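S.K.: Sharing a structure below in structure tokens format, with a few things to ask.
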Amino acid sequence: MKNQNYFISLEKEYGANNYKPLDVVIEKGEGVWLYDIDGKKYLDCLSSYSAVNQGHCHPKILNAAINQAKKLTLTSRAFRNNVLPSYYEKICKLTGFDKILPMNTGAEAVETAIKAARKWAYTNKKIEENKAEIIVCSENFHGRTTTIISFTTDESSKKDFGPYTKGFVTVKYGDIYEIRKVINENTAAIMIEPIQGEAGIKIPPKGYLSEIRKLCDENNVLFILDEIQTGFGRTGKMFAYEHEGIKPDVVTVGKALSGGFYPVSGVLANKNVLDVFNPGEHGSTFGGNPLGCAIAIAALDVIVEEKLPEKSAALGDYFLKKLKTIKNPMIKEIRGKGLFIGIELTQKARPYCERLQKEFGILVKETHENIIRIAPPLIITKEEIDFAFDAISKVFS
Ligand SMILES: *Cc1c(COP(=O)(O)O)cnc(C)c1O
């Protein structure tokens, strides 16, 4: 009988050491529940970093995946396939953008947005060749490629991976005056997360996004929002930017776009931006493949049919209010929007995550040493939230 330690040591022996997972070996997922190889049940309060907003192995997405996998999985973009157009239409109509460019991982979507913004800057705004600048924020998380880590402010993601890509200007997150100071005629775009997830559910001051929108309009600059983690209902709206009633020029999406089945990402924008690409200038072998498209269609249907943004708003409010009743001097702040909640501690969060797992069957993960991110699948019920709350309040009593 192979136990958890067997799998853990095998992984350590043969795998690169670039993650520090909790030592729990999961073998099955169903809705909000995960089961380890000994059959012990856990309430998932991370949702694979918001990739499974629809819950694990959602039957509707599963069906779509199986049916499509039996028929056709990949044509590459050398040929057309009959699933991609319906997916394009569905996501564009749902989000109100003219067009989409399909990719696979979040980082690829961000790379695509950067390339689109740069080309737009040279061909539309007429910025001098190789002078385009993109404004980004401190504590950002946009992925792991060499270009993206070139503008991270997280030392451990960056150190020893140089030389770095030029053309990025970093300002403090949440401070509109800092953007005003650095914006200039070479600014192609401002790219931010509407709420910073990896940084620990950092919510910018009210009005920040609408101020940026105004600044972008006044200066002919593209506003790129990375909604890879915040999108598709996580914060209580389909997209987090809806909280401020604005619309960005470009949105990167990923994670929950496939309900966790398969890497599906994309860049949404209007024609004036995405039409900068001509055949041969950008692409991906798997981007827009029929399997991914069929999965994404079903994943989007589930979000709409099961009213996941509305659920996230109502249950997130309920959960946050309850959490705020926990009184403990170790808790520095509890903040959130929808079912996207951060508990910031004055000390290391890891031991609390481990206790929640081992003693209470709740799976959460620390981000940045001292913050616990809580982001359960959006199909969670009130009773399941009460169960999670009881455990969390016990751990902090
Ligand atoms: C997860 C994430 C990414 C990167 O997505 P990958 O699929 O891991 O490449 C980019 N931006 C944000 C905001 C994310 O949360």
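The values are calculated or read from the model by the stated rules, or taken from the named source; none is laboratory data. Every value quoted in this text rests on a predicted model; they were computed, and no experiment measured them. Every residue, glycine among them, receives a Cβ derived from its backbone with ideal geometry; neighbour counts consider all protein chains shown. What goes into the accessible areas is simple: the full protein's heavy atoms, side chains included, and nothing from ligands, DNA or RNA. Shrake-Rupley method; radii C 1.70, N 1.55, O 1.52, S 1.80 Å.
S.K.: Build a GNM of the chain with springs between Cα atoms under 10 Å: which of Lys324, Lys307, Lys20 gets the top mean-square fluctuation?
M.R.: Lys20
S.K.: With springs connecting C-alpha atoms under 10 Å apart, model the chain as a Gaussian network and identify which of Asn18, Asn220, Asn124 has the largest mean-square fluctuation.
M.R.: In the Gaussian network model the winner is Asn18.
S.K.: Students often get this wrong: which residues of the stretch 2-42 have the backbone nitrogen under 16 Å from the point 7 angstrom along Cα-to-C-beta of Arg350?
M.R.: 17-24
S.K.: Let me ask you something else. May I have the convex hull volume per residue, in Å³, for the Cα set of the stretch 205-246?
M.R.: Value for the stretch 205-246: 67 Å³ per residue.
S.K.: With a point put 7 Å past each Cα toward its Cβ, work out how far Ser157 is from Asn278 in nm, to one decimal.
M.R.: So the label points at Ser157 and Asn278 sit 3.4 nm apart.
S.K.: Roughly speaking, to the nearest percent, how much of the stretch 87-198's 1.4 Å accessible area is carbon and sulfur?
M.R.: Accessible surface attributable to carbon and sulfur in the stretch 87-198 totals 50 percent.
S.K.: Measuring from the lowest to the highest alpha carbon on each principal axis, how far does the stretch 269-310 reach, largest first, in angstroms?
M.R.: 39, 25, 9
S.K.: Tell me what the chain gives for mean residue ellipticity at 222 nm when only DSSP H runs of n ≥ 4 count, each as -39,500 (n - 2.57), the sum divided by the residue total, rounded to 500 deg cm²/dmol.
M.R.: Computed mean residue ellipticity for the chain: -11000 deg cm²/dmol.
S.K.: For the chain, with every protein chain kept in place, what is the accessible area per residue (1.4 Å probe, Å²)?
M.R.: The answer is 46 Å² per residue.
S.K.: Before anything else, pin down the relative contact order of the stretch 215-324: Cα pairs under 8 Å, at least 6 apart, normalised by residue count, whole percent.
M.R.: With pairs under 8 Å counted, the relative contact order is 29 percent.
S.K.: Please express the shape of the stretch 118-164 as an equivalent ellipsoid: the semi-axes are the square roots of 5 times the eigenvalues of the C-alpha gyration tensor, given largest first in whole angstrom.
M.R.: With the √(5λ) rule applied to the stretch 118-164, the semi-axes are 25, 11, 8 Å.
S.K.: If we count every other residue with Cβ under 11 angstrom of Ile246's Cβ, Lys/Arg +1 and Asp/Glu -1, where does the sum land?
M.R.: Charge balance in the 11 Å sphere: -2.
S.K.: Using only the C-alpha atoms of the stretch 1-107, find the volume of their convex hull and express it per residue in Å³.
M.R.: 183
S.K.: Would you kindly state how much longer the chain becomes between Lys40 and Glu13 on full extension, computed as 0.36 nm times their sequence separation minus their alpha carbon distance, in nm to one decimal?
M.R.: Taking Lys40 through Glu13 to full extension adds about 7.2 nm, to one decimal.
S.K.: Evaluate Rg over Rh across the chain, taking Cα atoms for both radii and Kirkwood's formula for Rh.
M.R.: Checking Rg against Rh, the ratio lands at 0.96.
S.K.: Please work out whether the stretch 338-396 counts as rounded, prolate or oblate from its C-alpha gyration tensor, where a ≥ b ≥ c are the square roots of the eigenvalues and a/c under 1.5 means rounded, while otherwise a/b larger than b/c means prolate and anything else oblate?
M.R.: Oblate shape, in that a/c is at least 1.5 and b/c is the bigger or equal ratio.
S.K.: Further, regarding this structure: If R0 is 35 Å, what FRET efficiency do you get for Glu383 and Asn186 from their C-beta distance, rounded to 0.05?
M.R.: Computed FRET efficiency for Glu383 and Asn186 comes out at 0.05.
S.K.: So, one more: To the nearest 0.05, what FRET efficiency results for Lys71 and Lys28 with a Förster distance of 30 Å applied to their C-beta separation?
M.R.: With a Förster radius of 30 Å, E is 0.70.
S.K.: Counting C-alpha atoms alone, how compact is the stretch 297-376: give Rg to one decimal and Dmax as a whole number, in angstrom.
M.R.: Computed over the Cα atoms of the stretch 297-376, radius of gyration and Dmax are 14.5, 46 Å.
S.K.: With viscosity set to 0.692 mPa s at 37 °C, what whole-number translational diffusion coefficient in µm²/s follows for the stretch 115-195 from Stokes-Einstein and a Kirkwood radius over Cα pairs?
M.R.: My calculation gives 247 µm²/s for D.
S.K.: Moving on to the next point. Rg(Cα) of the stretch 231-385 divided by 2.2 N^0.38 Å?
M.R.: 1.24
S.K.: Starting from 0.36 nm per residue, how many nanometres of slack lie between Lys60 and Asp98 once their C-alpha separation is accounted for?
M.R.: 11.0 nm
S.K.: Using the scaling law 2.2 N^0.38 Å as the reference, what is the normalised Cα Rg of the stretch 55-121?
M.R.: So the Cα radius of gyration is 1.35 times the expected 2.2 N^0.38 Å.
S.K.: To test your reading of the geometry: what angle, between 0 and 90 degrees and rounded to tens, separates the Cα axis of helix 308-323 from the longest principal axis of the chain?
M.R.: Once rounded, one gets 50 degrees.
S.K.: Run through all the Cα pairs of the stretch 53-166 and give the fraction in each 5 Å bin from 0, expressed as whole percent.
M.R.: Cα pair-distance distribution for the stretch 53-166, in percent: 2, 9, 12, 15, 17, 15, 12, 11, 6, 1, 0.
S.K.: Oh, and also: Connecting C-alpha atoms closer than 10 Å in a GNM of the chain, tell me which of Ser48, Ser284, Ser156 has the biggest fluctuation.
M.R.: Ser156
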